[in-house]
1. Could you please put Glu609, Glu54, Glu328, Glu135 in sequence from largest to smallest accessible area, using a 1.4 Å probe?
2. How many percent of all Cα-Cα pairs in segment 3-245 sit more than 34 Å apart?
3. Local charge sum around Glu380 (other residues, Cβ-Cβ under 10 Å, Lys/Arg +1, Asp/Glu -1)?
4. Direction-averaged shadow area of the convex hull around the Cα atoms of segment 535-609, nm²?
5. Quick one: net charge of Val301's neighbours, Cβ under 14 Å, K/R +1, D/E -1?
6. May I have the convex hull volume per residue, in Å³, for the Cα set of segment 75-118?
7. For segment 36-111, what D do you get in µm² per second when you plug the Kirkwood radius from alpha-carbon pairs into Stokes-Einstein at 20 °C and 1.002 mPa s?
8. How long are the three semi-axes of the equivalent ellipsoid of segment 454-591, in whole Å, if each is the root of 5 times an eigenvalue of the C-alpha gyration tensor, listed from largest down?
Amino acid sequence: MCGIVAAVTQRNITNFLVEGIKKLEYRGYDSSGLAIIDYKNNIIRIRCVGKVNELIKKVYKKKILGNIGMAHTRWATHGKVSKANTHPHISSNIIVVHNGIIENSSILRLFLQKKGYIFYSDTDTEVIAHLLHWEQNKKKDPLKKTIQNSIEKLYGNYSMVVIDKNNPSRLIAVRSRSPLVIGLGLEENFIASDQIALLNITKRFIYLEEGDIAVVTRKRIDIFNKNSTITKRKEIISNTEYKSVKKGKYRHFMEKEIYEQPESIRKTLENRLKNNSKIYFSELGLKENNLFYHAEHIQIVACGTSYNAAMVSRYWFESLANIPCDVEIASEFSSRKLALRKKSLLITLSQSGETADTLSALRCSKNLGYLGNLTICNMESSSLVKESDCCILTKAGLEIGVASTKSFTTQLTVLLMLIAKIINVKKEKNNISNKIIQTLNILPTRIEEILKKNELIKNLANKISHKKNILFLGRGDTYPIAIEGALKLKEISYIHAEAYPAGELKHGPLALIDQNIPIIIIAPKNSLLNKIKKNIKEISLRGGITYVFSDQEFDYEENMNVIKMPYVEELIAPIFYIIPLQLLAYYVALSKGRDIDQPRHLAKSVTVE
Ligand code: G6P
């Protein structure tokens, strides 16, 4: 799970490599490195532990001149975080960067050690480098043929880029279940794990497909498919704006992305609410309508924040559309024997579309007899979109902060639209789908109102930021919001936070209650409010301190603090109430001086299972 950039250029390559790899830090930021073949045909390799900025400082201390090279940012999977384990890895003339996992690397390592290779790292990547070198020297084949022979021996999901110092005019890229994109320039070409790394130099891209090997020089790109046949892949022009990856006036991407939510929801709704009574997704056609018409069950699989969004939608699918819905963590879904529900539609939900567990769940599902599959995704050119029967895009725009914010609320927006769409297609309960559409129209304005309450949330953050444990409670469709609120806090402030359905308190968590554990409660006006009030009383009677987010008035209970929220329609309350919890996590992490956009040990896109 790492980021790769590589290039063969007509100008000096150093700036491009460091700027490109900086943009891929969201894929991992334990350590980073680069290797360039300089004008005297020496391999110059610079590596260091820590963020890409550390690498940049080191690189700019040297004057490196070269036209071909590669860079890598790492999220450790094989071998601890250390300079020796940082990519690129070298075996004599072969230089490799790699993303993913080689599952049989221990066996190959032993084999190569017996052949006399000395390993300087614990990584599976160094195994690839030595294997390529061994194969190349055994048969004296050209590098592409050597790579073809070697990858037959590698098991796992990975992508890699290789340079041979003895032929320093070409890059060779391999895609095996982990994405790689080629950026096309004028007499220069680029490779990256994600187009975001290349957007400031080109808009023209070719996405490699499963099993492709690409030989890339300054003037030529030859792509061979998994049967080793030369093949043409479509060139696309990206319409992603480069400026959307800058922080602008904000201190952190996460802060920017929280404040962008009204706008990203507007974009998600744009051109999709037809005459205010029908939902129109340009991505879908009649075939998909047919799929929705026949669906009698919805199975959603997702990870992290996307899973929490799916959990909210479960309440909606069942209460609004009367369709049974199950939600499962993707890694669990693909690791157990499932009993398939009748006429079930599989939905994968993902911001990146590259989460390995979710992709693997989709791939597993294909032989199980689902009616079909749909992905709801933010990244149009992602593997999930490519491998699914159909997709709906969330249109959140690029999200850089590791802790997801605007992708969560746009996912919920799409899920509500999808429910209205399914109701339309099934020609049932038009009044409900009309109500969904009307309410969604108001949502961005409601979120703007809550964002103005940031001072209130800052005050609360100051009160709780020194705490070691925090409990979040919700009921009904705000229970998953409590889970998401706890996840946000945990991820970026490193405070232990747990969420419970408020009704479950008496079955265990009440034992935790004392003056030291703040309890955050989400209590909007709905049919469950009186039950939540009872739960608050139970906590107060036992000396617990509560912070209640609500638009309602409450009778005074000891140690109860109400954080007064603006009015919101019940239907969209879950989307609305996550906003103050995102802000709370943000301000707590800010006051603790945490690395908000890149919390320790995490990554935005988890491309390993
Ligand atoms: C990682 C990220 C989370 C994200 C999860 C699922 O854990 O840190 O923010 O929610 O992956 O990612 P996806 O791209 O599939 O939504």
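1. On the way: Glu609 130, Glu54 80, Glu328 30, Glu135 0 Å².
Largest to smallest exposure gives the sequence Glu609, Glu54, Glu328, Glu135.
2. Working: 2293 of 29403 pairs.
Counting every Cα pair in segment 3-245, those more than 34 Å apart make up 8 percent.
3. On the way: positive: Lys386, Lys395; negative: Glu283.
Net charge in that neighbourhood comes out at +1.
4. Working: hull surface 32.9 nm².
Mean projected area for segment 535-609: 8.2 nm², to one decimal.
5. Details: positive: Arg314, Arg336, Arg341, Arg363, Lys366; negative: Asp326, Glu328, Glu332, Asp357, Glu387, Glu609.
Cβ neighbours under 14 Å give a net charge of -1.
6. Numbers: hull volume 3.8 nm³, N = 44.
Each residue corresponds to 87 Å³ of Cα convex hull volume.
7. Numbers: Rh = 14.0 Å.
Estimated diffusion coefficient is 154 µm²/s.
8. Numbers: eigenvalues 75, 65, 39 Å².
Equivalent ellipsoid of segment 454-591: 19, 18, 14 Å, largest first.
The values are calculated or read from the model by the stated rules, or taken from the named source; none is laboratory data. Everything numeric in this text was worked out from a predicted model, so none of it was measured. In this analysis, Cβ positions are derived from the backbone assuming ideal geometry, glycine residues included, and neighbour counts consider all displayed protein chains. In case anyone asks, the SASA skips ligands and DNA or RNA and just uses the protein heavy atoms, side chains included. Shrake-Rupley method; radii C 1.70, N 1.55, O 1.52, S 1.80 Å.
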